[in-house]
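Here, each number is a calculation from the coordinates, and none is a lab measurement. This structure is a prediction, so every number in the text was calculated from the model and none was measured. Reconstructed Cβ throughout: ideal geometry from the backbone, glycine too, with neighbour counts over all protein chains shown.
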Amino acid sequence: MAKKKKADQIRELYNLSNNWTRSQWQYVNQKGYEFAHDEQLSHSEKTSLQDQGMPTFTINRILPVVEMLNFYATANSPRWQAIGIEGSDSDVAAVFSDLSDYIWHLSDGTALYSNAINDAICKSIGYILVTVDTDRDNGMGEVIIQQPEPFDIYVDPKSRDMMFRDASFVLIRKVLPKSHVIKLFPQYKRKIGKASSLDGDHSYSERAIADSEQKLFLRDDSTVEDVGIDSTGEQEPTLELFELYEKIKISYANVFYRIPPDEKQLQAIQQQVQVKMKEMAAEMEVELLEQQKQMQQAVQEGKMIPERYELEMQKAQEMMGQQLQSAEQEYMSQLQAEASRIENKIISEKEYNILLKDETFQKSVVDSVQFYGTRIRQTICAGDKLLHEIVYPENIVDYPLIPFHYKWTGTPYPVSAVSPLIGKQKEINKSHQIMVHNASLGSSLRWLYEEGSIDPELWEQYSSSPGALLPIRAGSERPTPIMPAPLSNAFFGIVQEGKADMEYLAGIYSSMQGDTQQQHETFRGMLALDEYGTRRIKQWMKHSIEPALRQLGKVVMQISQSVYSANKRFRIIQPSAIQEQRQQEINIPIYNDMGEAIGKSMDYSAAKFDVRIVAGSTLPVNRWAYLAELKELLQFGVIDDIAVLAETDVRNKEQIAKRKSLYSQLQGQLQGLQESLKDKEGTIETLERQLVQAGIKGKVMQAEMEITKKKEEVKGDMKDSYRSTEAKQKLLQNVLVNQVDSAKKDISRETQFVKKGLQNENKNK
């Protein structure tokens, strides 16, 4: 009974959100989507034009606008950055950028994102759904993203937040064959088989609306989809599949409790207590001895009888023991309180009430604060059967559905880029149809003739043939051609003005679409035109798309932290072919010497960090301007040539990069050899200088020794010839001086000769 009641509640939420306002919004935006995809004439309009002999073609001016807006918003894949809240989370936060790229490429996010933006442009809103494929990675699960149909999603009509964070519910409704639902949920095969099929009262169509007047504008194939086709080609009934997301409030308790000291701390505390008790016992023993001595003296003096002495001593000893025991307990409690620490834990109120029944836990509780936390509850129903209902983990607090608006209106019903262009598109179509029809009338004349004067079949066949001879009956009036009225020049102006008006309304001009006549002659002029011409698009990106991408990164973070709690390696495919694939690892277990897991490194599930979107990461980049910037950075030495090569479109750049890398290595080795050779040459020059200096010093020392020897000989001779005349002594001195000068000259000549020899040897080398 309860399960059926839940299915009925979901049905009521669907009826509440599927109101007239939403039906009108869906009709308008479905019409815009059809206009953008060249379905611009209804069946009745085509029939009316054919009855009038008018052409039924259309000139689609909306599709180029849609394609250019989509290009600017999805030119590159979005990039996210994570910033750790604590220093220990910085390394793990850096992993999120790689993990988000992994999830993006695993889910083919580029295509899904492009489709979501296309829905935002044409249908006013697109969605990205973050979910978990529990069967991937051998049952460990993978976080993936999906792109649901916007018209399948029903949001709380009272929501006023752009990301629908304030919505009380978000509902996804699909109508699928039973066999398809069973494939999605094989574990609930029996329930799905018993579920009630969709009847004719519940219409499911991309263009289904409630208003009867609007139904007149729908295509003829807009019928009730109450029948499906199975794998054998047979018809089978369909089911309504509801997927409900709700925000619920759960009561929590932030419990602050005391953690007692461990065994090592207790041993240290006991040692301190023992030391303290010894000191206290020694002091009390001294006091007891003093008291005993006083009472013994009183007994000797007759002031106290021996019986009183024994009684008082017994009391004093008992009191001493009690004081020591009480002091030990008090001091032990004090030290344990100082060694214990206060921690807090957030648990549900139900769990808290259960834990309070434990006296140990109750005594450890210091304080508790009650509060209400937001949780996401997912409920899936097939028809009138409840399949399953789960509450997401505590860290997931946002809806997994992320909306991408074109122009938010403050309600769940935004405005598309195509809707304002429909009127101008009709105007252009009508003008072209009239001009072509008028030209057709001018080339194929109509005739007025007297009945019976001509053969109609003959004239119809040959009236437009050159040189044809067409007979008329004798006495009859000649047929008169009916010339079409000349078209006003206003029609030609309407076409041109309509084109310009559509470009103005959408913010997409001809120059941005590659119209060479509207482009600037200079390169800088083109860049300036691109800068100013895309300001409206950048404003849409900044205020609508980037907040949605930021919310997407936040939801991916929340769900991935719940899923990826075990050790995981994932491969990162680099955007540049030069860079090789690399692997990243999270939740790496840490083992002790016994082989037991005692913790984790790179604990992704427990890390806390904030997620940001890199502003403008999805916008297109002017290749030539970007390469020019890289060239300047290369000249300044900020980057190397390999980094520049990675951003180019050069063929075989992987091989070029490898060759460049090998060349750089060889060049480095050659430079090292050249520096080593220079060092050796410097050593040789130093040794040569030392050799020359040593030779010169040797010659000088030898000359000085000879001079000293001569002086000694002279002294001896002077002693022997003491009686010689003064003239002989002077003559002898002159001779000695001349000999010294001659010796010095010889030394100088020999030194010059040695230097020249060394220089010649260096030149020969």
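Relative contact order of region 1-111, taken over Cα pairs closer than 8 Å and 6 or more residues apart, is 15 percent.
With the cut-off at 21 Å, tell me which of the pairs K5/K350; K407/K538; K385/K554; K5/K247; K6/K350; K158/K385 have Cα atoms farther apart than that. Could the numbers behind the result be given before it?
Working: K5/K350 25 Å; K407/K538 13 Å; K385/K554 33 Å; K5/K247 19 Å; K6/K350 23 Å; K158/K385 28 Å.
Exceeds cut-off: K5/K350; K385/K554; K6/K350; K158/K385.
Please tell me which of these pairs span more than 21 angstrom C-alpha to C-alpha: K278/K363; K31/K430; K293/K315? Exceeds cut-off: K278/K363.
For the residue pairs K345/K600; K542/K568; K249/K357, the alpha carbons lie more than 28 Å apart in K542/K568.
With a simple spin-label model that places each label point 7 Å from the Cα along the Cα-to-Cβ direction, the separation between K46 and A282 comes to 11.1 nm.
If you average 1/r over every pair of different alpha-carbon atoms in region 253-369 and take one over that average, what Kirkwood value in Å do you get?
18.1 Å
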